[in-house]
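The structure under discussion appears below in the form of structure tokens.
The values are calculated or read from the model by the stated rules, or taken from the named source; none is laboratory data. Worth saying up front: this structure is predicted, and the values here are computed from it rather than measured. Every residue, glycine among them, receives a Cβ derived from its backbone with ideal geometry; neighbour counts consider all protein chains shown. Heads up: the accessible areas ignore ligands, DNA and RNA and are worked out on the full protein's heavy atoms, side chains in. Shrake-Rupley method; radii C 1.70, N 1.55, O 1.52, S 1.80 Å.
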Amino acid sequence: MATKILFYLLLLFTFHSRISSSDELRSMESIPDLRDSMYMVIDGYPCVRLLNLSGKIGCSNPGREKVVAPIIRFKSAEELFQKSAVLVSMDEVQDFFNRISNDSRFANNIGGVLVEAGAGVQNKLKGFSPAQKFPQAEFAPYSNISYQWNQIGSGIMWKAYDFPVFLLSESSRLTLQEAAVKNEKTKNGYTTNVAEFELVMQTTKAGSPHSESCLKEGACLPLGGYSVWSSLPPINISSSYQSKPIILALASMDSASFFRDKSLGADSPISGLISLLAAVDALSRVDGLTNLSKQLVFFVPTGEAWGYLGSRRFLFELDLLSDAVTGLNSSLIEMVVEIGSVGKGLNQEVKTFFTHTAGVSSATNDTLDALKRAQDSLKSENVSMLSANPSNPGIPPSSLMAFLRKNPLTSGVVLEDFDTAFTNKFYHSHLDDLSNVNSSSIVAAASLVARSLFILASNNKDSDSSILDAIKVNISLVEELMGCLLDCDPGLSCELVKNYISPTNACPNHYAGVLLGEPTPKPNPEYVDDISRFVWNFLADRTAIPKKNASYSCSQDCSNKSEVCIRAETDGGVCVVSTTRYVPAYSTRLKFDSGFWKVLPLNSTDPMELVDPVWAESNWNTIGLRVYIIQGATYDRFVLLGGIAVTILAYLAIVLTRTFITKALKRD
């Protein structure tokens, strides 16, 4: 009788336990739900591994495995006694990396770094630039390479770190702060909040020490992409003889940052790109362009932040007379006008810009005169243009440097918003965003450029001022371009961009990226990034000759060699008469052969090849960051001992209970 009662009690207990467990897990309908409740995926932007011929920079896990480390705030980390994931605020970043450089014991216990990115942090900082004090000084066409153009530059992005570094999104920042605080409150507790870093680079797995070896092993890809050039009006490529002198106006489309996917470069250099695009738009509405005595050519290189890849390859293709530059003749380039950083020229309602010149020549003097006339025509706009300080060693870091290293006699002018040193305190930083530039400054620069280019191309020093007054920059276009190219809202989902292409990402990013597939002047659109495709379509559209009859639709190519197919990704495409081309941008020391990249022998006669770093980016399988809770080893041992004790006690209880029941049954 007692045995039956005990059986029913055990059955009831089991049934009740199952109901309780069911209630607790009712909200979890699958294994992924359970996993998501345990592991929190963190949004962030990684610092990745880059390599050149002499070594490596950037970040990577130290080995082939994920890194798991407890989260601790830098301000609470006087000493580290174990591998830790250090949470660093923006105002602590410089002190943190300084300590890593000076304290090897501290550096050896860094498991990973989590950088907080609070909104509006620029207002709290004196500045932050991880670039060098003289960016890419090795390409300078003068000897004083110790000059500090970027006075606030720390150079931390040009060093190698064998631990992962992530920039946190705004929402993730709060999550990591809470985790760090919990760890501090339960310092000796049995659970710990940890960060798991997955930033394993293929070059680390392969043991590649530099770009030549990793390219040979297929563990990396060369940095690069596709530059764009266009002419106004279109060049008659069917003619074998082009006699018009060329005025080449250029602005770069790529920037750099410590964090790969957070390279906006609002002031440096995208403000210049927006100014150039707005100037092209303004000039496209001028009548009689076919009567200009000089040819206007617009060039937008990419890869400039990594050894001036775009401009150097452009000059190389000109020497080869390749299909990518059909219609152009390098000997006809009379003047190079570069629009650099122009987003911070506003000072007490006056838009002030500085002209940095290369040498003295009649072409340079003509350009300065044209800029002066353009300034005079904009008096009501409070635009001021000044010559850069003659004590400067030369032109600032710019694409014009590549032209001068190629031909020291090149005449050129760089338009900037600074004189002796960068005014941009966030040069090559993720903080160089939309809040760091002013639209009125960009509009003023675009107006100066558009009017001065028309004066130069018309070769008429006494042209009617009414013609210049008619060249007006579309302010709404500038503001729209800023929203499209410098912010995630609307970002590349804006109507202007979607009118030309189908963007792969909403948030713009101006990191050059890597070159995919075989380089060609007619690349597969899948191998061309969003920015290059947009710039190509925009320039092709704005520089096209108006046609009375709408051309037939197209998907990629047009039957007429003088035509190109624009808007192919959006509404079926339309053929227009325009001389707009892609130019592959990659190191002149690289060759794509049978599906692999090879480093060519050094050409000692080319001064730029002597300093060409040949940059490459490591491949990877996945990049990820997540946070979860683990139990301490002490607690695990306690649970083990507790389990053993419970087992022993349970065994004794069973023996005693069985003895008691046996005696009770005998009495019955």
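Just a few scattered comments:
- Every condition in (1) within 19 Å of residue 128 (Cβ to Cβ); (2) under 26 Å from the mean Cα position of the chain (by Cα) is met by residue 50 except one, and the failing one is (1).
- Strands (runs of 3 or more DSSP E) lying entirely in region 167-274 (those with 2 or more residues that are of a type in the set (A, V, I, L, M, F, W, C), more than 18 Å from residue 627 (Cα to Cα) and open to solvent by 20 Å² or more (accessible area, probe 1.4 Å)): none
- Residue in region 514-521 that is outside any loop (DSSP other than H, G, I, E, B) and within 26 Å of residue 46 (Cβ to Cβ) present: yes
- Residue in region 406-418 that is of a type in the set (Phe, Trp, Tyr) and open to solvent by less than 10 Å² (accessible area, probe 1.4 Å) present: yes
- Identity of the residue in region 559-589, crowded, with 19+ Cβ neighbours inside 10 Å and free of Cβ contacts under 8 Å to residues at least 24 places away in the same chain, that ends up nearest to residue 303 (Cα to Cα): 565
- Matching residues, region 595-630, being small (Gly, Ala, Ser), farther than 14 Å from residue 306 by Cβ and crowded, with 20+ Cβ neighbours inside 10 Å: 618
- Matching residues, region 328-355, being in contact with a Leu (Cβ under 8 Å, 6 or more places away or on another chain) and assigned to a strand (DSSP E or B): 333, 335, 336, 337, 338, 339, 352, 353, 354, 355
- Residue in region 83-99 that is outside any helix (DSSP H, G or I), in contact (Cβ under 8 Å) with a residue 24 or more places away in the chain and acidic (Asp, Glu) present: no
- Pairs with Cβ under 8 Å, 6+ apart, first in region 301-319 and without any contact (Cβ under 8 Å) to a residue 12 or more places away in the chain, second surrounded by fewer than 24 Cβ atoms within 10 Å (Cβ to Cβ) and of a type in the set (Gly, Ala, Ser): 319/330
- Of all residues in region 39-66, exactly one satisfies the criterion of being open to solvent by less than 20 Å² (accessible area, probe 1.4 Å), farther than 19 Å from residue 208 by Cα and part of a strand (DSSP E or B), namely 46.
- Checked against the criteria, residue 75 counts as of a type in the set (Lys, Arg) and either open to solvent by less than 40 Å² (accessible area, probe 1.4 Å) or modelled with pLDDT under 90 (or both).
- Verdict on residue 301 being within 30 Å of residue 587 (Cβ to Cβ) and open to solvent by 10 Å² or more (accessible area, probe 1.4 Å): no
- Residues within region 369-386 that are part of a helix (DSSP H, G or I) and open to solvent by less than 60 Å² (accessible area, probe 1.4 Å), tallied: 4
- Looking across region 339-360, the residues that are hydrophobic (A, V, I, L, M, F, W, C) and either within 15 Å of residue 423 (Cα to Cα) or open to solvent by less than 20 Å² (accessible area, probe 1.4 Å) (or both) come down to 339, 342, 346, 353, 354, 358.
- Residues within region 182-218 that are out of contact with any strand residue (DSSP E or B) (no Cβ under 6 Å at 6 or more places or on another chain) and without any contact (Cβ under 8 Å) to a residue 24 or more places away in the chain, tallied: 8
- Out of 538, 592, 534, sole residue that is open to solvent by 40 Å² or more (accessible area, probe 1.4 Å) and of a type in the set (Phe, Trp, Tyr): 592
- Subset of region 518-531 (residues that are in contact (Cβ under 8 Å) with a residue 40 or more places away in the chain and open to solvent by less than 50 Å² (accessible area, probe 1.4 Å)): 519, 520, 521, 523, 528, 531
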